[in-house]
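What follows is a set of notes on a single structure, which appears directly below.
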Amino acid sequence: MKTYLITGGAGFIGSNFIHYMFNKYKEEIFIINIDNLTYAGNLNNLKNIENLNNYKFIKGDICDAENLSKIFKTYDIEYVVNFAAESHVDRSIEDPSIFVKTNILGTQVLIEIAKKYWKMKNGFKEGKKYIQISTDEVYGSLGEDGYFTEKTLIDPHSPYSSSKASADLIVKAYYDTYRMPINITRCSNNYGPYQFPEKLIPLIINNCIKNRDIPIYGDGKNVRDWLYVEDHCAAIDLVINEGAVGEIYNIGGNNEKQNIEIVKYIIYALKHKGLDVEEALIRYVEDRKGHDRRYAIDSTKIREELRFNPSVNFNDGMLRTIEWYLNNKDWLGKIVNGDYMNYYKKFYGR
Ligand code: NAD
Ligand code: DAU
């Protein structure tokens with residue numbers, strides 16, 4: 001039985017990954033989920049697996065070396081998959097310091113503890129691997145043409161993406177210096193169930209449900225490459241099992257959309273489901289500072305080396321996502337309470 005230490009497993013992608021892994025491997029795996037439950041961590045994402053014998057939740061911070069040491073002493077961990085992060089660009093523009101702490105320092109503390117417990121005199125114990133979940137945002141912004149490959153120079157612009165790029169460099173240094181078994185994955189924008197409604201897609205769905213204005217930054221023509229979260233999880237599982245040690249893998253959906261297209265799609269789909277919602281709710285608001293224009297991933301490497309292809313097309317993924325939010329209004333209702341409304345007022349004015 002393989003033991004996985006998942007960090008940030010109560011967040012959007014981490015919780016989807018835990019579901020994906022239990023669906024696929026059932027009793028064959030043991031998962032320890034360490035998460036310090038920031039505003040983005042939500043144990044309701046994991047309700048239906050929380051009592052499994054092969055699952056353990058530990059409330060803890062990846063910056064806390066002592067606590068991590070205890071975990072490594074108690075369990076023989078094969079894989080560390082580091083999802084834990086501050087992940088929202090707008091929050092990083094407002095207050096970068098926690099991004100530096102969690103995303104950079106936390107990554108270094110975590111990988112150092114893994115190294116301490118995995119390192120032998122000559123090299124590392126067999127079968128161990130550290131996976132850093134990174135982002136395409138480390139590459140910066142594209143013009144109308146071109147794609148990010150793994151060889152594209154990193155050129156991050158926001159405090160968030162700079163902190164993720166810094167973490168990548170630390171992880172790479174552990175490979176270059178100690179030959180520690182690592183992989184780094186750099187994925188494009190994810191969407192799907194359990195995403196916190198500060199990010200574009202769930203924020204719009206929630207605003208449509210509440211008949212609230214829909215804020216679009218700038219001219220609405222910024223482009224993102226969208227991937228259904230389950231496909232991201234499948235790609236990470238492939239990288240863990242088959243990724244060549246020390247390598248970086250880009251993961252993308254080959255699914256570029258302008259923000260305005262996404263917004264109009266959601267309004268159209270919700271109208272189709274009988275919701276009374278109109279494009280008149282759209283409000284063009286002040287642009288995000290340093291707003292990256294376009295992200296687009298070249299996934300050739302993971303497709304050719306690991307045979308990864310996304311399985312969920314944009315239409316199906318969006319309809320699944322919209323239906324999930326409509327069917328889980330309780331989940332949403334518990335989030336969009338006082339704290340969320342304070343955030344909303346602070347960032348959007350009303
Ligand atoms: P999220 O904000 O939904 O979840 C982050 C989780 O990490 C939360 O549960 C939070 O409580 C936890 N966390 C934060 N600080 C922690 C700390 N110090 N110690 C322990 N836990 C901590 O983020 P997400 O969207 O699920 O993203 C997960 C990872 O994937 C991040 O590293 C992000 O950079 C990366 N990523 C996200 C996307 C995307 O589209 N969402 C795309 C590519 C890469
Ligand atoms: O590319 C991967 C990244 O995708 C991840 O690393 C990040 O963790 C994740 O948050 C996401 O970053 P983005 O900045 O691309 O996602 P966000 O949902 O915040 O914004 C998507 C686009 O929509 C972006 O161009 C900004 C725009 N936007 C966003 C919000 C929240 C709006 O126009 N209005 C909004 O209210």
Selection count, the stretch 178-226, where residues are charged (D, E, K, R) and away from ligand 1 (no atom under 16 Å from the Cβ): 6
Matching option when the condition is small (Gly, Ala, Ser), at pLDDT 95 or above and over 19 Å from ILE335 (Cβ atoms), among GLY41, GLY14, GLY60, GLY9: GLY60
Pairs where the first residue, in the stretch 61-77, is under 18 Å from GLN108 (Cα atoms) and the second is among the small types (Gly, Ala, Ser) and surrounded by 14 or more Cβ atoms within 10 Å (Cβ to Cβ), C-beta under 6 Å, 6+ apart: ILE62/ALA84; ILE62/GLY106; CYS63/GLY106; ASN67/GLY60
Cβ-Cβ under 9 Å pairs, at least 6 apart or on other chains, the stretch 222-244 side of a type outside the set (Val, Ile, Thr), far side away from ligand 2 (no atom under 14 Å from the Cβ) and in a strand (DSSP E or B): ALA235/TYR249; LEU238/TYR249; GLY243/LYS129; GLY243/ILE131; GLY243/ASN183; GLY243/TYR249; ALA244/ASN183
Residue ID - surrounded by the fewest Cβ atoms within 10 Å (Cβ to Cβ), chosen from residues in the stretch 286-310 that are in contact with a strand residue (DSSP E or B) (Cβ under 8 Å, 6 or more places away or on another chain) and of a type in the set (Gly, Ala, Ser): ALA296
ILE62 touching a Ser or Thr at 6+ places or on another chain (Cβ under 7 Å) and over 19 Å from VAL171 (Cβ atoms): no
Subset of the stretch 66-111 (residues that are surrounded by fewer than 16 Cβ atoms within 10 Å (Cβ to Cβ), under 27 Å from THR177 (Cα atoms) and among the acidic types (Asp, Glu)): GLU66, ASP76
Matching residues, the stretch 3-19, being of a type in the set (Ser, Thr, Tyr), more than 6 Å from ligand 1 (Cβ to nearest atom) and surrounded by 19 or more Cβ atoms within 10 Å (Cβ to Cβ): TYR4, SER15
Residue under evaluation GLY146, criteria (1) at positive phi; (2) within 16 Å of the chain's Cα centre (by Cα); (3) not charged (D, E, K, R), criterion not met: (2)
Test result for ARG283, of a type in the set (D, E, K, R) and either surrounded by 16 or more Cβ atoms within 10 Å (Cβ to Cβ) or over 23 Å from the mean Cα position of the chain (by Cα) (or both): yes
Subset of the stretch 175-193 [of a type outside the set (Val, Ile, Thr) and surrounded by fewer than 22 Cβ atoms within 10 Å (Cβ to Cβ)]: TYR175, ASP176, TYR178, ARG179, PRO193
Single residue of the stretch 25-48 satisfying the filter (of a type outside the set (S, T, N, Q) and more than 20 Å from the chain's Cα centre (by Cα)) that is nearest to VAL229 (Cα to Cα): TYR25
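The values are calculated or read from the model by the stated rules, or taken from the named source; none is laboratory data. Since this is a predicted model, take the numbers as computed values, not measurements. When we count neighbours, we look across all protein chains shown, and the Cβ atoms used for this are built from the backbone with ideal geometry, even at glycine.
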